[in-house]
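A quick write-up on the structure given underneath.
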Amino acid sequence: MFTPAWKKEAKHLVKGARKFVHYKRDLLDADRVGEIESRRTDLLDAVKSGDRKMVDEASKQLRATCENALPREKPLGWFEENVEVMFVAIVIALGLRAYYLQPFRIPTGSMQPTLNGIIGTPLASEDWPSFPVRLFEKVMRGRSYVKIVNDEDRRIAATSTGQPDVRDKQWMHFFSRGEMRFLDSKPLGLPAPVNPCLDAGMRDAIQIASRNNGVLPKGTVVVEGTVDSGDLVLVDKFSYHFRKPKRGEVFVFDTIGIRGIHERSGEQAAGSHYIKRLCGVPGDTLSIQSPNLLIDGKIAREPGIQRVAAGKPPFDINPNGYGLADPREKKHGNKILSQYLAKPTDTLHLDLEARPGMREYAALGDNTGNSLDSRYWGTVKEFNLVGPALFSLWPVTTGHWGFIR
């Protein structure tokens, strides 16, 4: 601690010159390496002598030798430096996304009122507010004002079940859009997934086409109204490596291998992610006696589950609490799809004894009247788990900003 600052700086320079040689040895000529080593020795001798003037001169010579050792190496310009900084930032962001935190956009309303999905509302363009108001709502509320008009006669394509071929499109689990497909032209892009677009006018457009032998006439308004963005949340991808998932928390999982989801949702489920409340852990046996969810025959007491069961504002979206699955049969081709919790006597058992990765969990939406969940398609395997939903980032005016519970 009593060493003079000039001596410390000289010693740091000696170490720095050695690192420079190690890092650049493949680019340095042998005589340059020898010259740098000689200058390092001179500086060390000067430090030992205690003569500050000798140290300053030796330091100057060593710096000059290192700076001129690679005369052909052009220094980075402002453009190269900024590209390098951006590249490093992207690498760090991708690393965080891959291993720690992943942004996830809520696509549907199955978790309302805890989290908002993408909501479409019809509104004639002549009733839209002024541009400054629309801009403010876009920034603070995530609300977009959209109008899509068909620009030519098009014949709507049909799916294998005979329904109009409109489907969701998703990129990086972040941007959720849709498209309407046609037999005689390229797809028409939609400003939101299918269900919000149906609510914002597309249902009427499809009815017009059905009355016109499947042709959507030129000038038909396909979508006109508002689209409220789904909540943008951060998913903690780290915690489940060190702790067990907890009953009652909100979590995200992928749909790989969950046959019931793919049979009921079709192509839009392939490779997608769902967000629900984790309502059962390995070893649990679930049943529903409205308004309550029962675990091993007893009422589940976790706070998140209790809020749904109580059905009090704002959870009065389901005033009867947890409900059973819709008992009406649904087919996939000629196959009648299974339902797991459609009657008061039905139970769903979650396997505890399965090998690691195959243990089972149950996922239910807080909006139980409008949620495709474990009541319909069964269990979520351990390997499907992504992590707990940690924080709602945006929009900031919906009342959901903050930690998710």
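Report the FRET efficiency, 1/(1 + (r/R0)^6), for residue 136 and residue 240, where r is their Cβ-Cβ distance and R0 is 56 Å, rounded to 0.05.
With R0 = 56 Å, the Cβ-Cβ based efficiency is 0.90.
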Using 0.36 nm per residue, how much length does the chain from residue 161 to residue 211 gain when fully extended, once their Cα-Cα distance is taken away? 16.2 nm
Based on the Cβ-Cβ distance of residue 86 and residue 23, what FRET efficiency does E = 1/(1 + (r/R0)^6) give at R0 = 30 Å, to the nearest 0.05? 0.85
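Go through the stretch 125-215 and name the GluC sites (Glu not before Pro) that are in a DSSP coil and have 14 or fewer other Cβ atoms within 10 Å of their Cβ.
152
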Beta carbons within 10 angstrom, averaged per residue: use that to sort the peptides 20-32, 224-236, highest first. 224-236, 20-32
Candidates 41, 368, 121; GNM for the chain (alpha-carbon contacts under 10 Å) flags as most fluctuating 41
For the stretch 119-228, what does the convex hull of the Cα positions come to per residue, in cubic angstrom? 108
Explain nothing, just the number: relative contact order of the stretch 5-67, from Cα pairs under 8 Å at least 6 residues apart, as a whole percent. 40
Please list, in order, the residues from the stretch 28-48 whose amide nitrogen is less than 11 Å from a point placed 7 Å along the Cα→Cβ vector of residue 7. 47-48
How far is the Cα center of the stretch 120-139 from the Cα center of the stretch 297-325, in Å? 35
Are there chymotrypsin sites (Phe, Trp or Tyr not before Pro) in the stretch 305-405 that DSSP marks as loop and that have at most 16 other Cβ atoms within 10 Å, and which are they? 401
Which residue fluctuates most in the GNM of the chain (Cα springs below 10 Å): 209, 363, 325? 209
List the residues of the stretch 116-136 whose backbone N lies under 15 Å from a point placed 7 Å from the Cα of residue 397 along the Cα-to-Cβ direction. 129-136
For the pair residue 149/residue 100, report the inter-label distance in nm, with labels modelled 7 Å from Cα in the Cβ direction. 4.9
Relative contact order for the chain: what percent, with Cα pairs under 8 Å and sequence separation of 6 or more? 16
For the stretch 134-213, what relative contact order do you get, as a whole percent, if you take Cα pairs closer than 8 Å and at least 6 residues apart? 20
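What FRET efficiency do you get for residue 51 and residue 15 if R0 is 22 Å and r is their Cβ-Cβ distance, rounded to the nearest 0.05? It would help to have the intermediate numbers written out before the result.
Details: r = 21 Å, r/R0 = 0.94.
FRET efficiency, residue 51 to residue 15: 0.60.
With the cut-off at 1.5 for a/c, could you classify the chain from its C-alpha gyration tensor as rounded, prolate or oblate?
Taking the square roots of the gyration eigenvalues as a ≥ b ≥ c, the chain is prolate.
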Check each of the trypsin sites (Lys or Arg not before Pro) in the stretch 287-355 and keep only those in coil by DSSP with at most 14 other C-beta atoms within 10 angstrom; list them in order. 301, 328, 330
Which far-off residues, 5 or more places away or on another chain, put their amide H under 5 Å from the one on residue 223, with H placed in the peptide plane? 148
In the stretch 19-38, which residues have a backbone nitrogen under 15 Å from the label point lying 7 Å from residue 61's Cα in the Cα-to-Cβ direction? 34-38
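Coordinate-derived values only; no laboratory data. Computed from a predicted model, the values in this text were never measured in an experiment. Neighbour counts run over all protein chains shown; Cβ positions are idealised from the backbone, glycine included.
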